1. Would you mind stating whether residue 164 is assigned to a helix (DSSP H, G or I), β-branched (Val, Ile, Thr) and either open to solvent by less than 50 Å² (accessible area, probe 1.4 Å) or free of Cβ contacts under 8 Å to residues at least 40 places away in the same chain (or both)?
2. Go through (1) under 22 Å from residue 222 (Cα atoms); (2) assigned to a helix (DSSP H, G or I); (3) open to solvent by 30 Å² or more (accessible area, probe 1.4 Å) for residue 128 and report which single condition fails.
3. Among 22, 45, which is the only one that is of a type in the set (D, E, K, R), closer than 25 Å to residue 126 by Cβ and either at pLDDT below 95 or not in a helix (DSSP H, G or I) (or both)?
4. Given 213, 245, which one is at pLDDT 80 or above and either surrounded by 18 or more Cβ atoms within 10 Å (Cβ to Cβ) or under 22 Å from residue 13 (Cα atoms) (or both)?
5. Could you please let me know if residue 71 is at pLDDT 90 or above, over 19 Å from residue 155 (Cβ atoms) and assigned to a loop (DSSP other than H, G, I, E, B)?
6. Given the conditions (1) modelled with pLDDT under 95; (2) open to solvent by 10 Å² or more (accessible area, probe 1.4 Å); (3) not in a helix (DSSP H, G or I), report the number of the one that residue 157 does not fulfil.
Amino acid sequence: MVDRTKGVVKMVQQYLLASDFDQTLSFNDSGVVLAELIGVHGFHDKVRGLAQINLVQQGAELSYLILHDPEFRRVRREHLVEAGKLIRLKHDVKLFARTLDTLADGYKFDFHVISAAPQEIIQSALEDIVPPENIHGTKFYYEPGNGEVKAIVRASAGWGKVTVLEEIRAQLGISHDHIVYMGDGSSDLPVMMHVNQYDGLTIAVSEAEYITRIARRTVLSDNAMSVLVPVLEEVLRWDSSKIRRYFATQGLMLREWGKTRTDLLTIEESPEVPAIDEAAPVQAPITTH
């Protein structure tokens, strides 16, 4: 990508940053929220049953239940939109999405969400945060007469996430090593293995079984901004002092940063946003394990 603003030709490195939704950008599971909304009990038992018989790809259980389970057959589009409004997002998701646009000179990050959760839930939860066209969830076909879900048009689950990711990459015209993918569970393993194969960056945001063995980095925090740490280190090659200064410019402080193979972060709002002198070292408490 070439930036020709102000008559100056400047090469810009473009990256695709793709993220799962449930428990990656949120604290809630979409299925749990929807089940509570319509008064269905035993959601986790239903999901475990589907997982045990391997009837559907991991991550697509909710979509299968909406289409086939008698208790979920009453779900309509408006229920999905309402459930999205009830999703509790991780702290600073909006700030995270906004900072990607201006993270560093010479870099551009296109942020997309790829998830097996219903499209309407994700778009509702991330309204005014992520453009609808950058959200790739499960799409349903609704009966025109009564609004009943009649079919799954597309489910972005398991290996289906790889297909969606490759379509976005091709549209952006970037190489495979300029992909960053973040996720939280076993349903993200196929896309993480795909990204790793081509030297992209994979980030796990949980210590779920298997995923930390596959992801190149693991970050545990209740703040979405924490994912920027491995991006700043691995892509922009910033050191810890520069990363701390950047967080300070956003009114945040890395109060605890336990750097093992897993980055353990506690991020708090700073009482004020100080003027940052790039030449001056930042004195901040650090806890290293």
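1. Against the criterion (assigned to a helix (DSSP H, G or I), β-branched (Val, Ile, Thr) and either open to solvent by less than 50 Å² (accessible area, probe 1.4 Å) or free of Cβ contacts under 8 Å to residues at least 40 places away in the same chain (or both)), residue 164 qualifies.
2. (2)
3. 22
4. 245
5. When the stated conditions are applied, residue 71 passes them.
6. Only one criterion is unmet by residue 157, namely (2).
Results for (1) of a type in the set (Asp, Glu); (2) surrounded by 14 or more Cβ atoms within 10 Å (Cβ to Cβ); (3) free of Cβ contacts under 8 Å to residues at least 60 places away in the same chain; (4) within 29 Å of residue 219 (Cβ to Cβ), shown as yes or no for each residue.
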| position | (1), (2), (3), (4) |
| --- | --- |
| 48 | no, no, yes, yes |
| 51 | no, no, yes, yes |
| 91 | no, yes, no, yes |
| 96 | no, yes, no, yes |
| 100 | no, yes, no, yes |
| 108 | no, yes, no, yes |
| 111 | no, yes, no, yes |
| 119 | no, yes, yes, yes |
| 123 | no, yes, yes, yes |
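The values are calculated or read from the model by the stated rules, or taken from the named source; none is laboratory data. These figures come from a predicted structure and were not determined experimentally. Don't worry about glycine lacking a Cβ; one is built from the backbone with ideal geometry, like all the others, and counts go over all protein chains shown. To get the accessible areas, we keep the full protein, side chains included, count just its heavy atoms, and leave off ligands, DNA and RNA. Shrake-Rupley method; radii C 1.70, N 1.55, O 1.52, S 1.80 Å.
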